[in-house]
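To keep things clear, I will list the structure first and then write my remarks on it.
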Amino acid sequence: MTYSAVEVITAKRDGHALDDGAIDWVLRAYLEGAVADEQMSALLMAIYFNGLDGRELATWTAQMIASGERLDLSGLSRPTVDKHSTGGVGDKVSLILCPLVAACGAAVPQLSGRGLGHTGGTLDKLESIPGWRARLTNAEVVDQLERVGAVICAAGEGLAPVDRRLYALRDVTGTVESIALIASSIMAKKIAEGTSALLLDVKVGSGAFIKDRHRAHTLATTMTALGDAHGVRTRAQLTDMSTPLGVAVGNALEVTESVDVLRGGGPPDVRELTVALARHMLELVGIDDEPAARLDDGSAYAAYRQLVAAQGGDPDAPMPLAPLVEPVLAPRGGVVESVDALGVGVAAWRLGAGRARKEDPVSKTAGVRCLVRPGDLVEAGQPLFELHADDPDHLRSGREVARRAVRIGEGPVAPRRLLYEVVEGRAR
Ligand code: URA
């Protein structure tokens, strides 16, 4: 059967399901250059409006995986389990979770990304450690997983290469926020990396990609079903992202806070979320251990030091500090009613911690420290945030946004609920 790009686009535009052959053809032809960017953009917009049904999505994802290689981790002596977060503000959990779960006996192949917009990226954070490198060969990944049990690195060019092209196109055509396209993009890369089990941390709230619980639930169900279909035991935990996680937001600042948690301290919400996610991961691969104990007895921190050193970093090097540090003061006394994750994320981004385009550099040291939490009583003039920047222009720009990110009122404030529901895949 021969296909034409225009026929595939118009079929989806008019609400018809695409047959498997059409999906195979269009993704392959796009990678080979026979379907042009403007044609794929039109198809992505048609999918944005009309979605993909379960069969179409399974085929679309399978074809994305088939566009590249699939890592084979079956020879490892430990069970493999990974975690993916849909992205948030102050979400440094991967830095802690990966060595923590390794310290409990699993192998964690954490192939990560960089931050975009107001959300941070794990690789940007770790690159603030002197010497640490994100790029590893497949052989290095497998070797480190066997020796250390933990790897955090950039996804190789060979894994689901069509996703890189599609994601870049979605980014500039207003088609990122489609459940089918997000689910296939995330799951194709995770399935291709070869993990046997996967925990998804689906963030909900102002600082997340997906703002409402209903859509987050649909995304979680869609992704767990895809994992299922490919033999990856997948579970999703919906978690709150209306308030930043922990105190630190920004690359080096978040590494410092992660080390505090790895040494048994750190902000209670970061520890609570990390331990809850670690328990799910261990359950998925049948390991009976208590992750909180591994934070307290030093074994998670030891695994972190091994991970950093194995990738060329110096775990004892002092973290870089911003030359400019300035507080934002409370304009009045009262009860902190909210600390808006999106507002803090945008402030950190403007201070220099994030990038507007994929190729932009990020500041290692810029960011925000959130000194108050919802429910705190504050007095007029008390510091709410500490802003860190490399230059006065970034500081000015971040300050304007940070001032609007806290609401002070009369209270009372309901206690924060960090963990929402768990969505279970069926592969067992
Ligand atoms: N992360 C991805 O890898 N892909 C998406 O589409 C969204 C978030």
message = Among the residues in the stretch 195-217, are any modelled with pLDDT of 95 or more, in contact with a Ser or Thr (Cβ under 6 Å, 6 or more places away or on another chain) and within 9 Å of the ligand (Cβ to nearest atom)?
response = no
Considering the stretch 158-169, residues that are within 12 Å of the ligand (Cβ to nearest atom) and out of contact with any Ser or Thr (no Cβ under 8 Å at 6 or more places or on another chain), and then whichever is least open to solvent (accessible area, probe 1.4 Å), we arrive at LEU159
Output for Cβ contacts, cut-off 7 Å, separation at least six or different chains, first residue open to solvent by less than 10 Å² (accessible area, probe 1.4 Å) and in a loop (DSSP other than H, G, I, E, B) in the stretch 83-97, second within 16 Å of the ligand (Cβ to nearest atom) and of a type outside the set (A, V, I, L, M, F, W, C), reads GLY88/THR119; GLY88/LYS203; GLY88/GLY207; VAL89/HIS118; VAL89/THR119; VAL89/GLY207; VAL89/GLY345
When the stretch 309-338 is checked residue by residue, the ones that are over 30 Å from VAL141 (Cα atoms) and under 26 Å from the mean Cα position of the chain (by Cα) are LEU321, ALA322, SER338
Pairing a residue in the stretch 405-419 that is of a type in the set (Asp, Glu) with any residue that is open to solvent by less than 30 Å² (accessible area, probe 1.4 Å), where Cβ atoms lie under 9 Å and the two sit 6 or more apart in sequence or on different chains, gives GLU410/GLY334; GLU410/VAL335
- Evaluate the following for ALA11: is it open to solvent by 10 Å² or more (accessible area, probe 1.4 Å), under 22 Å from the mean Cα position of the chain (by Cα) and more than 19 Å from ALA160 (Cα to Cα)? no
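Yes/no matrix, rows are residues, columns are (1) farther than 30 Å from ARG350 by Cβ; (2) touching a strand residue (DSSP E or B) at 6+ places or on another chain (Cβ under 6 Å); (3) away from the ligand (no atom under 11 Å from the Cβ); (4) open to solvent by less than 10 Å² (accessible area, probe 1.4 Å):
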| site | (1), (2), (3), (4) |
| --- | --- |
| GLU127 | no, no, yes, no |
| THR137 | yes, no, yes, no |
| VAL141 | yes, yes, yes, yes |
| GLU146 | yes, no, yes, no |
| GLY156 | yes, no, yes, no |
| ILE191 | yes, no, yes, yes |
| ALA220 | yes, yes, yes, yes |
GLU177: passes all of (1) more than 28 Å from LEU307 (Cα to Cα); (2) within 13 Å of the ligand (Cβ to nearest atom); (3) modelled with pLDDT of 95 or more but (3)
Exactly one of LEU273, LEU245, LEU238 is among the aliphatic types (A, V, I, L, M), modelled with pLDDT of 95 or more and touching a Gly at 6+ places or on another chain (Cβ under 8 Å), and that one is LEU245
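The values are calculated or read from the model by the stated rules, or taken from the named source; none is laboratory data. Fair warning: this is a prediction, and the values are worked out from it, not measured in the lab. Backbone-built Cβ (ideal geometry, glycine too); neighbour counts: all protein chains shown. When the accessible area is computed, the model is the full protein with side chains, heavy atoms only, and any ligands, DNA or RNA have been set aside. Shrake-Rupley method; radii C 1.70, N 1.55, O 1.52, S 1.80 Å.
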